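Readers should treat all values here as calculations from the given coordinates under stated rules, not as data from a laboratory. Model, not experiment: these values are computed from the prediction. Neighbour counts run over all protein chains shown; Cβ positions are idealised from the backbone, glycine included.
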Amino acid sequence: MSEVRFTEQHEWVRVDGDEATIGITKYAAEQLGDVVYVELPEAGRKVGAGGEAAVVESVKAASEVYAPVGGEVTGSNDALSGDPAKVNADPEGEGWFFKLKLADKSEFSKLMSAEQYAEFVKGI
Amino acid sequence: MADTNEVLLKTPLHALHAELGAKMVPFAGYDMPVQYPTGVLREHLHTREKAGLFDVSHMGQAFLSGSDPSKALERLTPADVLGLKEGLQRYGLLLNDAGTIKDDFMFSRLAGEGPLYLVVNAGTKQGDFDYISTKLRGIASLEPRPDRALLALQGPAAAAALERHSPGISKLTFMKVVRCTVAAAPAIVSRSGYTGEDGFEISIESVHAERVARALLGEPEVLPIGLGARDSLRLEAGLCLYGHDIDETVGPVEASLVWSIGKRRKLDRDFPAAEKIMDAVFNGTARKRVGIRPDGKAPAREGTEIADKSGRVIGKITSGGFGPSLNAPVAMGYVETAFAGDGTEIDLIVRGKPLPARVAPMPFVPHRYRRAI
């Protein structure tokens with residue numbers, strides 16, 4: 001069973017076993033506007049929880065994407081370089097950014113649930 | 001969000017922006033629409049394909065009157081004001097005493113009228129108005145018109161859409177200006193704009209602004225367009241944004257705006273810091289404003305350092321982003337003059353890494369003005 005959790009920086013992370021898939025939330029995609037470029041991490045790169053892992057750019061501005069959990073990057077969504085609009089069209093599905101091998105599962109359980117994140121967004 | 005407590009000004013179309021679902025941002029002291037639900041990308045493309053309506057009421061409108069306002073204004077700009085014929089508009093630079101750029105602005109000579117009609121940038125308008133009034137005290141008087149709104153209707157379908165509310169207006173050609181009515185409101189209309197497309201700027205009394213805007217938005221070709229797309233459109237058109245690409249640290253020559261200096265003015269050398277500027281015209285400057293095309297897809301933003309191929313910093317980007325019509329990143333900035341030639345290979349230092357790019361001619365997207373034949 002996979003489980004999805006969220007960060008205050010508007011990333012989502014889905015964990016299945018020890019594999020984590022990471023992207024930006026629907027709210028973040030809406031705030032950014034039309035995504036025109038993404039820079040994704042190379043496989044093999046080690047990132048710490050909260051560390052800069054990717055960059056997403058809209059027509060207007062560039063934003064960092066942080067790794068919600070630490071681990072070693074195992075792959076990224078190459079389809080986004082040809083079609084970055086996928087991030088807007090399906091941010092929490094086909095618009096995923098990268099996958100990593102989770103180093104410490106306790107980092108994941110500290111993140112917000114879908115309900116907690118929905119509450120958090122309401123308060124912004 | 002780090003909001004300030006500053007009270008933002010509102011244009012006469014503020015309520016309409018809210019009704020249209022605009023995302024509002026602070027800009028030059030005003031609460032302005034950065035985009036509508038359409039989104040920046042589609043707003044940009046729609047303007048190039050059909051027509052977009054922009055609220056530019058935050059810009060400063062004024063009339064300059066006196067016994068010879070043209071001669072007076074030439075004290076502050078190197079543009080040819082005296083030579084501007086009736087019914088025409090022109091672009092000019094407002095220079096300070098040191099010959100650097102205090103602002104860029106448009107001036108018009110309306111047929112049969114003594115005063116000149118000026119439009120200056122929003123962020124600089126108070127400073128400009130104070131400067132012009134002070135410098136020209138006793139010879140000309142400036143009357144700011146905060147009671148007027150300004151709309152820009154831009155794009156290849158702009159003429160057809162405006163014609164339905166201002167019969168005959170489509171006969172006007174590029175940089176011509178006329179008093180007429182738009183949706184029965186008295187207006188000053190010029191065939192100009194800041195997107196590189198054909199289009200119009202429409203000055204009307206604020207009380208009529210919302211009604212006129214609604215009339216134009218009612219046309220099937222027209223969508224409301226925010227400041228986000230206005231910025232990407234003007235960048236693709238190679239046009240400067242004051243406070244970014246030009247400011248009081250640069251002069252007309254390094255800003256590559258020598259074309260805005262009148263021929264007679266060059267000969268007479270009777271504008272601020274004329275000797276210094278003419279020396280720069282003949283002998284060049286240390287740096288120049290150029291267009292830049294990154295090789296890849298990554299945009300390089302304002303403030304990005306520009307390096308030569310050995311890694312030495314040779315300049316900085318002053319406007320940069322993504323050009324939706326080119327489907328590629330575009331930028332402009334200043335480089336040492338030795339690197340200003342079209343095609344020169346440079347690197348842009350983005351997130352610590354060199355990104356290959358080339359100096360490129362502007363406009364990036366060809367202008368499509370409706371010139372008189």
Checklist outcome for this item: So, relative contact order of chain B in percent, Cα under 8 Å, 6 or more apart, is 18
Item to check | ³J(HN,Hα) computed for each position of segment A:53-65 - Karplus, 6.51 cos²θ - 1.76 cosθ + 1.60, integer Hz, glycine/proline x | outcome: 10, 8, 10, 10, 10, 9, 3, 7, 7, 9, 10, 7, 10
Checklist entry - FRET efficiency for A:ALA114 and A:SER81, Cβ-Cβ distance as r, R0 = 22 Å, nearest 0.05? => result 0.15
Next on the checklist: Explain nothing, just the number: dipole magnitude of segment B:286-360 about its Cα centre with +1 on each Lys and Arg Cβ and -1 on each Asp and Glu Cβ, in debye rounded to the nearest 20.
Outcome noted: 120
Item to check | Cα-centred dipole magnitude for segment A:3-111, charges only on beta-carbon of K, R (+1) and D, E (-1), debye, nearest 20 | outcome: 180
Item to check | Surface/4 of the Cα convex hull for segment A:3-111, nm² | outcome: 5.7
Next on the checklist: If I take the Cα coordinates of segment B:26-106 and project them onto the principal axes, what are the three extents in Å, biggest first?
Outcome noted: 48, 29, 22
Item to check | Whole-Hz ³J(HN,Hα) from phi, Karplus 6.51 cos²θ - 1.76 cosθ + 1.60, for segment B:262-269, glycine and proline x | outcome: x, 4, 4, 5, 5, 6, 7, 6
Item to check | Share of alpha-carbon pairs per 20 Å distance bin for the protein assembly as shown, given as whole % | outcome: 21, 50, 24, 4, 0
Checklist entry - Amide H neighbours of B:ALA122 under 5 Å, counting only residues 5+ apart in sequence or on other chains, H built in-plane at 1.01 Å? => result B:GLY60
Checklist entry - Of A:SER109, A:SER76, A:ALA89, whose Cα points farthest to the positive end of the dipole of chain A (charges on the beta-carbon: +1 Lys, Arg; -1 Asp, Glu; origin at the Cα centre)? => result A:SER109
Next on the checklist: Could you work out the percent of alpha carbon pairs in segment B:156-239 separated by over 20 Å, rounded to a whole number?
Outcome noted: 32
Checklist entry - Per-residue HN-Hα couplings for segment A:30-36, Karplus 6.51 cos²θ - 1.76 cosθ + 1.60 at θ = phi - 60°, whole Hz, x for Gly and Pro? => result 5, 5, 5, x, 4, 7, 10
Checklist outcome for this item: Rounded to one decimal in nm, the spacing of the 7 Å Cα→Cβ label points at B:GLU49 and B:SER133 is 4.7
Checklist outcome for this item: Rounded to the angstrom and largest first, Cα extents along the principal axes for chain B equal 62, 50, 50
Item to check | Cα-centred dipole magnitude for chain B, charges only on beta-carbon of K, R (+1) and D, E (-1), debye, nearest 20 | outcome: 740
Item to check | Computed helical MRE - 222 nm, chain A, DSSP H runs ≥ 4 contributing -39500 (n - 2.57), nearest 500 | outcome: -5000 deg cm²/dmol
Checklist entry - Which pairs in the list B:LYS10/B:LYS316; B:LYS50/B:LYS171; B:LYS276/B:LYS309; B:LYS176/B:LYS276; B:LYS135/B:LYS263; B:LYS71/B:LYS263 are over 26 Å apart, alpha-carbon to alpha-carbon? => result B:LYS10/B:LYS316; B:LYS276/B:LYS309; B:LYS176/B:LYS276
Checklist outcome for this item: Residues whose built amide H sits under 5 Å from the amide H of B:ALA149, excluding neighbours closer than 5 in sequence, are B:ILE204, B:GLU205, B:SER206
